[in-house]
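Asker: One structure coming up, written as C-alpha cells, with questions to follow.
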Amino acid sequence: MTPEERVPVLIVGSGSAGLCAAVWLARFNIPYKILERRNGPLEIGQADGVQTRTVEIFDSFGIAEEMLREAYHVLEIAFWSAPDAEKGIKRAKYEADKETEISHQPHVILNQARLNELMTGLLGSNPPIEYRCEVKNVVVDDNADRKDLESYPVRVDAVQDGVQKTYRAKYVLGCDGAHSIVRKSLGFKMVGDSSDAVWGVMDIYPRTNFPDIRKKAVINSAVGNILLIPREGDSMVRFYTELPAGTKVSDVSLEKLHDHARKVFHPYEMEFAETFWWSAYSIGQRRADFFHQDHRVFLTGDACHTHSPKAGQGMNVSLQDGHNIGWKLGMVLQGLARPDILETYVLERERTATELIDFDRKFTKLFNTKYRQEHGITAGMFAEQFTKAGRYTAGQAVQYDASAITDIGEHDKELVAKVTVGMRFPTAQVVRSCDAKAMQLVKGLPANGQWYIVVFSGDLSQPEAMSRLDEISSTLSQTVQRFTPTGVDPDAVIDRILVTAGDRKKVELDTIPDFFTPVTGKWKMKNLGKIYADDDSYNSGHGHAYEAYGVDASKGAIVVVRPDHYVAKVCRLEDVESLGSFFEGFLVPAES
C-alpha cells in the first residue's frame, strides 16, 4: 500500500495562479506543496501582457521593481487601417495605452516564465515544488466536514518518476490549466463554445520599415488584422494574426503565417530574421460549471475559464484567482478567520470569470473582419471601442458583490466619493509624517496578510478633529485587540493607517493617539510609519489625497481594506463601533 503524505494545502500546477497562492501561504507560514508535471520551472511562457492590476499586486509583494526594470512599458497604441485597399495600411491615430487615473502603475510586457521566477523567489531558498509529478486522481471524502480544520479529507493520487504517490490534504487548489486533471477528477465540465475564427501567434525578430514596430499597434488591413505587441529586450515582437475565413488550425504553417503577415503590412516591408515561437488556435470561450468541491477543492485560472489571448487577460486573471484564494486559506489555517470565508472565493471569482467570458466574446468580435463588415464597424469605431475597454483590460473593473467580507452600504459614496466598496483600493500621493517622504499611500499597506483600517481624520491642528480622533481611538483599539492573538504584534491581524489633512508640521506626533503608533517588532519600538499627511512634499508637489479619494476633510471617514487591497467597508468616524460587528462576521476572536 502506498504510504500517504499529509500536507495542509496541495497546489496542483506551478503556473501563475498556483505560485501566487503559494506566496500568500508562505507569508502566513502555512505548509504547502506544489505538484508540477513539467521537468522544471517554466522556460518559455506564452503569456506576456502584465496588466496594471497585476503590477500593483507585484508591488504589494515587493517584487515590482525588478519586473518594471526588465519589462517593455506599453505607453501608446497606434491604430492602422486601410482606407484604400490597393495602397495598403495607413496610420489612423495614436492613443495613450491607459487613462492616467486607472492606476499609478504601468501596463508592461514581460515573459510569464520571468514573472513566475519572481514569485518563486518569494517562496524561500528551497521551494516545496515536486517536479515530474503528474496527478492522476483527486477525491474528496463523502463525509467531509468543511469546517473541521483538523481533518485531511482530500486524497490526491500522483506518479513521480514512475513511483506511485498518495497525498492527503486539508485543501487542494486545481491550478493545472485548461486540461485540468483536478477538474476532470471531480467530474466538472467546461461549458461554452468555439468560433470558426483561426488566429496565428508568433514571436519574431523583424526586419522592417514599418514605423511603429516598437509600439503596441492594432492593424486593420483589407486582408486581415494583426495585433502587434513589442516584447521586452528591444528586438522581439509578438504578432497576433487573424487568418482568412475557412482556415483550419491543422493547415496553418509558419510559412503561411509569414506570408499572410507580409500582406497585412503592405506597403511596408516585413521580413523575419528569426521566429522564436509560433502557434495557431481557434477562438473559444468556456467556463467550468463548478468552481469547488465541498469548499475543499478549488479551481483557478485556465482550469475554470478559457478565452482568447488578445485582451491579455489569461495570465492576469489566473494570477488574481490565486491571489484571492491564497490569503483566505492563510487566514483560515492560521485560525484567524472562519472557514466560511472560503465561500467568498467562489462568489467573487466565479462572477469575475463569467464577466471575462462575456467581455472576451464581444472583444474578439471587434477583431473579426467579417463581423465588422456585417455590422458597419469602421476603423474609427473600432479604435474607440478598443480604447473604452481599457479599464477592463487593465484589471481595474472588477467589483465584488456584498458578502461577509464586503459590506456595501447605501451611503458609501457620500463618505468616500471616489472609493467603491468591492473594488480595489485606489492610491494617491501622501507624505509620511515621521520622515517627510512623499509616497503612494498603498506603499504603506504591504501585502503581509493584515487587514487595514484607514482613518481619514481631517486636519488634526483643529481641536475638534483631534478630539474626535481621541474619542474613536479607544474603540478602534478594543476592536483590534479582540481579534489579535496573544504574543503577536498589535498590528499582526488588523493594521491601522492614519491620513491627516492640512499642514503636518502643526501636529506633533506625540499628540496623536497611541493606537496609531503601536509598539512592534523585535526591539519593541514605537512604529511611527503608519501616519501620513495630505500635504505638500519637498520634491514631489501635493498629492491632494482627500480630493483623490473624495473625502470631506471636515467630516473624515474610515475605509477598511482587505489583505488583497479590495475595499471591504466604509463608515463615518462616528460609526466606528460598526467595525466590531463587521470583523465579528468572519474573524475568530482571540482567546482571552
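Asker: Before anything else, pin down the relative contact order of the chain: Cα pairs under 8 Å, at least 6 apart, normalised by residue count, whole percent.
Answerer: 15
Asker: Go through the range 1-105 and name the trypsin sites (Lys or Arg not before Pro) that are in a DSSP coil and have 16 or fewer other Cβ atoms within 10 Å of their Cβ.
Answerer: Values: sites: Arg6, Arg27, Lys33, Arg37, Arg38, Arg53, Arg69, Lys87, Lys90, Arg91, Lys93, Lys98; in loops: Arg37, Arg38, Lys87, Lys98.
Within the range 1-105, the qualifying trypsin sites (Lys or Arg not before Pro) (loop, at most 16 other Cβ atoms within 10 Å) are Arg38, Lys87.
Asker: Continuing with the same structure: Spin-label point model (7 Å from Cα, Cβ direction): what's the His375 to Trp523 distance in nm?
Answerer: 6.2
Asker: Another one. Can you list residues from other chains, or at least 5 along the same chain, whose modelled amide H is less than 5 Å from the amide H of Val297?
Answerer: Val172
Asker: Something else now. His544 accessible area, nearest 10 Å², 1.4 Å probe?
Answerer: 90
Asker: Just add up the charged neighbours of Ile89: K/R +1, D/E -1, any other residue whose Cβ is under 11 Å from the Cβ of Ile89. Spell out each step's value before the answer.
Answerer: Numbers: positive: Lys87, Lys90, Arg91, Lys263; negative: Asp84, Asp212.
The answer is +2.
Asker: Do any GluC sites (Glu not before Pro) in the range 348-415 lie in a DSSP loop with no more than 14 other beta carbon atoms within 10 Å, and if so, which? Mind dumping the intermediate values first?
Answerer: Values: sites: Glu348, Glu350, Glu355, Glu374, Glu384, Glu410, Glu414; in loops: Glu410.
Here the GluC sites (Glu not before Pro) that fit, given the DSSP loop and packing criteria, are Glu410.
Asker: Any idea how far apart Lys413 and Val191 come out in nm if each label point goes 7 Å out from Cα toward Cβ?
Answerer: Inter-label distance under the simple model: 3.2 nm.
Asker: List the residues of the range 569-592 whose backbone N lies under 12 Å from a point placed 7 Å from the Cα of Asp340 along the Cα-to-Cβ direction.
Answerer: Only 582-588 fall inside the zone, counting backbone N under 12 Å.
Asker: Starting at the first residue of the range 229-236, write each ³J(HN,Hα) from the Karplus equation 6.51 cos²θ - 1.76 cosθ + 1.60 with θ = phi - 60°, in whole Hz, x for Gly and Pro.
Answerer: 10, x, 9, 4, x, 6, 10, 6
Asker: Counting other Cβ atoms within 10 Å of each Cβ, which trypsin sites (Lys or Arg not before Pro) in the range 491-572 have at most 12 and sit in a DSSP loop?
Answerer: Loop-located and lightly packed - Lys522, Lys524.
Asker: Provide the per-residue ³J(HN,Hα) series for the range 527-543, in order, calculated from phi with Karplus coefficients 6.51, -1.76, 1.60 and θ = phi - 60°, each as a whole number of Hz, with x at glycine and proline positions.
Answerer: 8, 9, x, 10, 10, 10, 10, 8, 8, 5, 9, 6, 10, 10, x, 10, x
Asker: Please give the residues of the range 492-528, grouped as numeric ranges, whose backbone N is less than 20 Å from a label point set 7 Å along the Cα-to-Cβ vector of Ala590.
Answerer: The answer is 492-498, 513-528, whose backbone nitrogens lie closer than 20 Å to the label point.
Asker: Here's something else I'd like to know. List every residue whose amide H lies under 5 Å from the amide H of Thr484, counting only residues 5 or more places away in sequence or on a different chain, with H placed 1.01 Å from N in the peptide plane.
Answerer: Ala590
Asker: Please say if the range 288-428 is rounded, prolate or oblate, where rounded means a/c under 1.5 for a ≥ b ≥ c the square roots of the C-alpha gyration tensor eigenvalues, and otherwise the choice is prolate for a/b larger than b/c and oblate otherwise?
Answerer: Details: a/c = 2.80, a/b = 1.55, b/c = 1.80.
It is oblate, given that a/c is not under 1.5 and a/b is not larger than b/c.
Asker: Can you tell me, using C-alpha contacts under 8 Å and at least 6 residues apart, the relative contact order of the range 463-592 as a whole percent?
Answerer: 26
Asker: Work through the residues other than Ala353 whose Cβ is under 11 Å from its Cβ and net out their charges, Lys, Arg +1 and Asp, Glu -1.
Answerer: Residues near Ala353 contribute -3 overall.
Asker: Continuing with this model, one more query. Amide H of His305: which non-local residues (sequence gap of 5 or more, or other chain) have their own amide H closer than 5 Å, using H built in the peptide plane?
Answerer: Placed amide hydrogens put Ala288 under 5 Å from His305.
Asker: Another question, if that's okay. Ignoring the sites themselves, what is the longest stretch of the chain with no chymotrypsin sites (Phe, Trp or Tyr not before Pro) in a DSSP loop and at most 13 other beta-carbon atoms within 10 Å?
Answerer: Longest site-free region, per DSSP loop and neighbour criteria: 1-522.
Asker: Going 7 Å from the Cα of Tyr131 toward and past its Cβ, which residues in the range 143-179 have a backbone nitrogen under 11 Å from where you end up?
Answerer: Label zone hits: none.
Asker: Would you mind counting up the charge near Ser473? Only other residues with Cβ under 12 Å from its Cβ, with Lys and Arg at +1 and Asp and Glu at -1.
Answerer: In short, -1.
Asker: Hey, what do the phi angles of the range 263-268 turn into as Karplus ³J(HN,Hα) couplings, whole Hz, using 6.51/-1.76/1.60 and θ = phi - 60°, x for Gly and Pro?
Answerer: Per residue, the Karplus-derived 3J(HN,Hα) values read 5, 4, 7, 3, x, 7 Hz.
Asker: Working out 0.36 nm times the residue gap between Ala113 and Gln481, then minus their Cα-Cα distance, what length gain in nm do you get to one decimal?
Answerer: Net length gain for the segment: 128.3 nm.
The values are calculated or read from the model by the stated rules, or taken from the named source; none is laboratory data. For clarity, every value in this text was computed on a predicted model and none was experimentally measured. Positions of Cβ are generated from backbone atoms using ideal geometry, with glycine treated the same way; all protein chains shown enter the neighbour counts. Remember, those area values only see protein heavy atoms, side chains included, never the ligands or the DNA or RNA. Shrake-Rupley method; radii C 1.70, N 1.55, O 1.52, S 1.80 Å.
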